[in-house]
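The values are calculated or read from the model by the stated rules, or taken from the named source; none is laboratory data. If you're wondering where the values come from, they're calculated on a predicted model, not measured in any experiment. Note that each Cβ is placed from the backbone with ideal geometry, even for glycine, and that neighbours are counted across all protein chains shown.
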Amino acid sequence: MFDGDVHGTVAPGFEAVRDEFAAAGVGGAGAQVAVYLRGEQVVDLWAGDMTGEALTGVYSSTKSITVLVAALLVQDGLLDLDRPVAHYWPRFAAAGKDRITVRDVLTHRSGVIGVDGGFTADELADDQVIAQRLADQRPYWRPGSAYGYSGFVSFAIVGEVVRRATGWTVRHHFEERVRAPLGLDLYLGLPSALEDRYLEVLPAPQRPDWASGPGPRSITGIGYGLDSTPPLDQVAFLNTRRVRALGPVSAGGVGNARGLAGLYAAAAFGVNGQAPLLTPEVLGEFSMLHSTGRDLVVGDAGQYALGFQAKGQRYPFLGANAFGHNGSAGSEALADPHSGIAFGYTRRRFSPTWSYPEHDRLVAAAVTSALHAASVH
Amino acid sequence: MFDGDVHGTVAPGFEAVRDEFAAAGVGGAGAQVAVYLRGEQVVDLWAGDMTGEALTGVYSSTKSITVLVAALLVQDGLLDLDRPVAHYWPRFAAAGKDRITVRDVLTHRSGVIGVDGGFTADELADDQVIAQRLADQRPYWRPGSAYGYSGFVSFAIVGEVVRRATGWTVRHHFEERVRAPLGLDLYLGLPSALEDRYLEVLPAPQRPDWASGPGPRSITGIGYGLDSTPPLDQVAFLNTRRVRALGPVSAGGVGNARGLAGLYAAAAFGVNGQAPLLTPEVLGEFSMLHSTGRDLVVGDAGQYALGFQAKGQRYPFLGANAFGHNGSAGSEALADPHSGIAFGYTRRRFSPTWSYPEHDRLVAAAVTSALHAASVH
Amino acid sequence: MFDGDVHGTVAPGFEAVRDEFAAAGVGGAGAQVAVYLRGEQVVDLWAGDMTGEALTGVYSSTKSITVLVAALLVQDGLLDLDRPVAHYWPRFAAAGKDRITVRDVLTHRSGVIGVDGGFTADELADDQVIAQRLADQRPYWRPGSAYGYSGFVSFAIVGEVVRRATGWTVRHHFEERVRAPLGLDLYLGLPSALEDRYLEVLPAPQRPDWASGPGPRSITGIGYGLDSTPPLDQVAFLNTRRVRALGPVSAGGVGNARGLAGLYAAAAFGVNGQAPLLTPEVLGEFSMLHSTGRDLVVGDAGQYALGFQAKGQRYPFLGANAFGHNGSAGSEALADPHSGIAFGYTRRRFSPTWSYPEHDRLVAAAVTSALHAASVH
């Protein structure tokens, strides 16, 4: 619980979000929360050792950026999700991967979640290196027959497809079309000039006991990067300047709650009086459930829309087509077209249990506030 | 438990069904049970405030009618299950639904389980209105990627396909080919002349506490109609004359246990010395498991054959290709080709838990009696 | 626990396997364990009333042979997994099975797990009889829509395909290309001259209580052969000379731990200084996950690669592409490309619980020993 040091503002009717934020346990370090209601920011809060402007590692919430860029390219007719990856990148056809589509990769159905022998920490910083190694790898399951989440590597395939289809990287598209025009505090490749705003991610008080868990070469181990050399240290990952500078598209993003909420608000509702970045048709396609049932990596806890997580499966009080992405260390970001909210949350310190129950309470408070506001208007 | 007021007859060897029926708790109101053995009625019982002739709402057991009509049309070569719905009904192709097949709809794999914004109670009475709204809707999951039960609306798509493929409604086909020739007490569109035999459905003593359950706009909420305006009152639904008169094909049927058992007996075994309505090939196709694993709406409890519920998954003592359909308020109907029984059951009062454990005991008693009869003959 | 009577040898560094073997409870009868490390035998142990040379029934570990032969034929270009079975065997197209592929059968996705009415014990001894009856049967689920293990019959389809595609039976291929050249103690069709080495399988002290379990005509009952006439007595099955002589390819094999381990060592790593029997590409294809999620017959416990069981799903400390097959009475066999081990285990007596926890400890000891040996070399 934050002892009286919650800062920032909430619009009338959203006080419940401040109350839940003040009551959240976040491991004795800082956190931020931001909420938009149909394109207008209604919550902007921070506490502990974070300011509203502070930046930290958002890990897999980074995938929000990558998927948004893919969606914009689909909208522009530059990317066809049902084409094989090998159409854009012929080398990827090796080892039985010729029919894997871009949609398969975005929905975690490709089976290409790592490489035999694992990656090195250096390799994991660089999407082009990751992509080249994945290109030679046999899938770990028959493509399309199941799905399993890959935290740190599989979206490098999306990155390579985007680069080859358009000549621009995901980072470049994001910067030009989204981040700079909107002034979002969310970076794929953090400029050195902003390094002084970066707050290091902090480890959990205790590490999770992987010894009794999945082996490093199991499907689960591969999906979580436990097979890397040395085994992936998630805390060190984004605390490494090279990672922040290169900004791998699976989990290498840096930002704050405002940036995360702003991205989803802009995508689904529009901000600054502008139209939403995505048309209803593209938004509908990307927010529709694609991968359900047991996640081969994570267990039962997955459930994906098209690249985005299906947030209505995670939070049953949301609408069926809510979408977003969370990340290690506890970041969370989503849009819920039904209630009209966009939500962003970051915290500095990993949870020892890898679960973040404050997400449920904060999102519920935001949605309840929004639906109540709608009913009185 | 019925205190000594069970009426009707059982054939020798089927006394166990009467015993189980007498012992059933049905919320202090009436119930009926009927069983056929290979086309001959062997159980005809009623109790409480129902007579054997009484009619009441059978809810989703109505789908038995709709699927039987679809099967007859397949048998006649008038309906091709693997054609897109849009082949018969072009407007349905909107919003990414062009490749959804009739089989997808019958097996709950289409993703078209409701509409954004929900239906009104008035709309839910009228299949043509439901169908038009569904035609414009984006599916809630990628068609074919998963399955999820839709209680009140999705079979309106089947109804529209039947109407467009043949010029006749499901109701008309059923009346002409099944109900009238066989004299079944089971109606899709209850004639006003029979209204005096209708006994109102009664609410459970307490309503289930949806407040702690799925949100109205979640996949589960949509599948159960919780997103309607006002939220669907299932008790009121069939107690509304307009619903009974129009007879929506998903859940708008009225009948009694004799009618339900008679339909399944006629379909699978033949009654009155006639051949079964369905050929072995069509029966085999429609009773074969199609959708298994987790039901996106219901949770783990689904499991469908082709339109019918896969009753061998529900009752493991039945044969692998037993098929049927149950309905709200506790109706149940099925055929088990292995033991030769057809079974029908109705009750007036909803259970507060939405579970009906007397089903298990009644069906088991019927099957055990039938298998024992076969072994002594 | 074996009281001091463990015999045989272990290579330095593999003493932990002997310790686990000595501690294993195997129902007061004999057992054998053999381990290869990259083609060299490092463990050869036996205890109780078995010698190292003794042969006993390995049940579904037999499928290791059948799948290996199929893989060799794929490697030779003589078998195309994605062709319909009916391409090789036209009669199989009956009853809706025209599009079932060889891959579907190997991955338990065909739905053809038994026949209406069940088999007789005599029929279950003879693959050609099984195959002919399966050819006329409608699948129990829509082919490809799910998977469910068939213990005793479905691989007869593979046998029929092999015979028709090549003119030789699985047994003949195995004998000529694998068993005789390598001198493996593993037989599909036990020669009468070796009958004196056969030790009868022993029943569990108590039989499992199927009465409270699945019905004989349920999907589960059919998959386990409970619908046979009389219900399949698994103990009697391989204790019948006719079964051992005919060697049905689903579960009719006889061998010892050396033979099982030797097969997997030869397939994945090569023995006697020879190349592996399977190329990396074919090995990769056959060890890749194909069928995951709920097994319609077994419940949650399945998970298949291509014909082989996906052992990395069974033992999370193995690599993601470990593969093998276990069998009733407690045989287990596998290869783990990551650690380099091949493992074989047999025991005479069924467990009353149908579970064999010594597998976990023995395989873990073998893998830990192998990885430790690799790290010190």
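Values computed for the structure shown
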| read-out | value |
| --- | --- |
| Hey, A:LEU232 outside any helix (DSSP H, G or I), of a type outside the set (D, E, K, R) and more than 28 Å from A:ALA322 (Cα to Cα) or not | yes |
| Evaluation of B:GLU200 against (1) surrounded by fewer than 19 Cβ atoms within 10 Å (Cβ to Cβ); (2) touching a residue at least 24 places away in the same chain (Cβ under 8 Å); (3) in a helix (DSSP H, G or I) (one fails), failing number | (3) |
| Test: residue in region A:203-211 that is among the polar types (S, T, N, Q), more than 16 Å from the chain's Cα centre (by Cα) and part of a helix (DSSP H, G or I) | no |
| Those residues of region B:238-290 which are among the polar types (S, T, N, Q) and assigned to a helix (DSSP H, G or I), in sequence order | B:SER287 |
| Extreme residue, farthest from the chain's Cα centre (by Cα), among residues of region B:29-71 that are β-branched (Val, Ile, Thr) and assigned to a helix (DSSP H, G or I) | B:VAL69 |
| Pairs with Cβ under 6 Å, 6+ apart, first in region C:359-377 and over 17 Å from C:GLY312 (Cβ atoms), second of a type outside the set (Ser, Thr, Tyr) | C:ARG361/C:GLU20; C:ALA365/C:ALA16; C:ALA365/C:VAL17; C:ALA365/C:GLU20; C:SER369/C:GLY13; C:SER369/C:PHE14; C:SER369/C:ALA16; C:ALA373/C:GLY13 |
| Leading residue by the ranking (surrounded by the fewest Cβ atoms within 10 Å (Cβ to Cβ)) among those in region A:269-293 that are away from every other protein chain (no Cβ under 11 Å) and among the small types (Gly, Ala, Ser) | A:GLY273 |
| Top-ranked residue in region A:295-338 [being of a type in the set (Phe, Trp, Tyr) and more than 24 Å from A:GLN234 (Cα to Cα); ranked as farthest from the other protein chains (Cβ to nearest Cβ)] | A:PHE323 |
| A:ASP300 being without any contact (Cβ under 8 Å) to a residue 40 or more places away in the chain and under 24 Å from A:GLY319 (Cα atoms) | yes |
| Meets criteria (at pLDDT 95 or above, in contact with a helix residue (DSSP H, G or I) (Cβ under 9 Å, 6 or more places away or on another chain) and closer than 24 Å to C:GLY312 by Cβ) for A:SER228 | no |
| Filter pass, A:LEU45 being closer than 13 Å to A:ALA261 by Cβ and crowded, with 24+ Cβ neighbours inside 10 Å | yes |
